[in-house]
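Heads up: the structure comes next, in structure tokens.
The values are calculated or read from the model by the stated rules, or taken from the named source; none is laboratory data. All values reported here derive from a predicted model rather than from experimental measurement. Here Cβ is always computed from backbone atoms with ideal geometry, including for glycine, and neighbour counts include all displayed protein chains.
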Amino acid sequence: MSLHDLVRSGQLHRQPPTSEELGRLLAAAERSIADAALDGLSDEGRFDLAYKAVIQGALVALRASGYRLASNLPGHHRTLLQTLAATIGADDVELRLLDTIRRRRNASDYSGRPVFEIPRLTFQ
């Protein structure tokens, strides 16, 4: 689905970014990456922080392209990750990998099972 189609469906809105906003989002992603490398964190904590950095990076790419995600809608992380094809040229293999990571995180969040104990998810 193109960015234009996502605007028509209400999942995205056109909105020019500000340099301040982009700077804040980049700094947040950098903090998440740095925090994921801290000693003493569980593998689960590292995974969550790395996932957060991916989401923050995808937001930077989307906002830099002049769009804002309608984050109040269900599935907004999935939609955000899908926009990476249009914003940075992510290919199908990369998008499937990111979606598998997103689904693994969701399965952990909603089941309480550690992320690495969830049975292997396959690419769809």
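So the values come out like this:
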item: Restricting the range 38-60 to residues that are acidic (D, E) and closer than 20 Å to S108 by Cα, the residue that is modelled with the highest pLDDT; result: D48
item: Residue selected from the range 98-114 under the condition within 16 Å of the chain's Cα centre (by Cα) and of a type in the set (D, E, K, R), by the criterion nearest to I88 (Cα to Cα); result: D99
item: Residues located in the range 91-111, provided they are closer than 17 Å to E44 by Cα and not β-branched (V, I, T); result: L98, R102, R103, R104, R105, N106, A107, S108, D109, Y110, S111
item: Residue match in the range 115-124 (condition: assigned to a helix (DSSP H, G or I), buried (at least 17 other Cβ atoms within 10 Å of the Cβ) and at pLDDT 95 or above); result: no
item: Tally of residues being touching a residue at least 24 places away in the same chain (Cβ under 8 Å) and more than 12 Å from S65 (Cβ to Cβ) across the range 14-39; result: 6
item: Residue that is basic (K, R) and more than 28 Å from F116 (Cβ to Cβ), where the choices are R8, R46, R96; result: R8
item: Close pairs from the range 82-108: first among the hydroxyl-bearing types (S, T, Y), partner modelled with pLDDT under 90 and surrounded by fewer than 18 Cβ atoms within 10 Å (Cβ to Cβ), Cβ under 7 Å, at least 6 apart; result: T100/L121; T100/F123; S108/P114; S108/I118
